[in-house]
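The values are calculated or read from the model by the stated rules, or taken from the named source; none is laboratory data. Treat the numbers as computed from the prediction; the structure is a model and nothing was measured. Virtual Cβ from ideal backbone geometry, glycine too; neighbours counted across all protein chains shown. Please note that ligands, DNA and RNA were not included when accessible areas were found on the heavy atoms of the full protein model with its side chains. Shrake-Rupley method; radii C 1.70, N 1.55, O 1.52, S 1.80 Å.
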Amino acid sequence: MRKHPTEAESILWNYLSDNKMGVHFRRQHPVFGYIPDFVCLKEQLIIEVDGGYHLEGEQPEKDAERTQWLESEGYTVIRFTNGEVLDDLEEVIGEIEEALEETKRPSRREGMGVGCRIGFGFDVHRLVEGRELWMGGIKIDYERGLLGHSDADVLIHAICDALLGAANMRDIGYHFPDTAAETDGMDSKIILKKTVELIATKGYQLVNIDATICAEKPKMNPHIPAMQQCMAGIIGVDADCISIKATTTERLGFTGRQEGISAYAVALIAQ
């Protein structure tokens, strides 16, 4: 985020951030690697407040190309100059409200195929000596932990794969490879946060998660409320949106032999 926004940007943000329009705007949130001034991910509306340099040299052509590309991805882009915001904020607000109404029209959404999408995720890691056990973003006191390149939080990893799968954005191995130095020992809460940001670039946000942990030991049920609260805070949803269940495999297979822990997750996302 720029440290010194223009006066016009600050005035407009004071209005947008107050949710007076009934939708949530974000300031300088990445969209496909591009950083707009303001964006409503739910309605896929981008607002730009342009300074003088946007009218100079090749910049207008670059802005037009970027706008065309964003619109091809389903976003609506509206632009104002600093002067327009400072001279007549009421008119600017009116144009934004009209744009929001346009994005909500059924015909537009049907043409874009916007709706709910479901994804499934699975992960498994081996239990070993000398490792901490992390599950759902919290540390569980146990004699062994899960082996992995990151902190090996199988629950978060399964959830991230479900989110990415729902958005058709590959998997966590693609975005956070276990061959990369920057992911060595990475806190999976960071992976979850970045995954939520990734699906947001396509205008998606979480509706709900249903996940199951498969472990013979330790018992997971006492820790489920803390896991829900932890992940809900990262994702930015109510804890009620995250269902977590725990089960054993009745001493069958590698889980029953206490050789490892696995997790399954289904995620529903929507634009």
Being part of a loop (DSSP other than H, G, I, E, B) and of a type in the set (Lys, Arg) is the filter; apply it to the range 18-51 and report the residue that is farthest from Gln68 (Cα to Cα). Lys20
Residue tally, condition within 16 Å of Phe32 (Cα to Cα) and among the polar types (S, T, N, Q), over the range 174-197: 1
Only one of these is surrounded by fewer than 13 Cβ atoms within 10 Å (Cβ to Cβ), assigned to a helix (DSSP H, G or I) and at pLDDT 85 or above: Gly111, Gly94, Gly130. Name it. Gly94
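The rows are residues; the columns are (1) open to solvent by less than 20 Å² (accessible area, probe 1.4 Å); (2) part of a loop (DSSP other than H, G, I, E, B); (3) in contact with a Ser or Thr (Cβ under 6 Å, 6 or more places away or on another chain); (4) acidic (Asp, Glu).
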| residue | (1), (2), (3), (4) |
| --- | --- |
| Gln229 | no, no, no, no |
| Ile244 | yes, no, no, no |
| Tyr264 | no, no, yes, no |
| Ala267 | yes, no, no, no |
Quick one: in the range 182-201, which of the residues that are closer than 27 Å to Tyr75 by Cβ and of a type in the set (S, T, N, Q) is least open to solvent (accessible area, probe 1.4 Å)? Thr195
Confirm whether Ile118 is out of contact with any Ser or Thr (no Cβ under 9 Å at 6 or more places or on another chain), at pLDDT 80 or above and not in a helix (DSSP H, G or I). yes
Scan of the range 202-227 for residues that are polar (S, T, N, Q) and open to solvent by 40 Å² or more (accessible area, probe 1.4 Å), ordered by number: Gln205, Asn208, Asn221
Going through His4, His54 one at a time, which residue ends up being at pLDDT below 80, open to solvent by less than 50 Å² (accessible area, probe 1.4 Å) and out of contact with any strand residue (DSSP E or B) (no Cβ under 7 Å at 6 or more places or on another chain)? His54
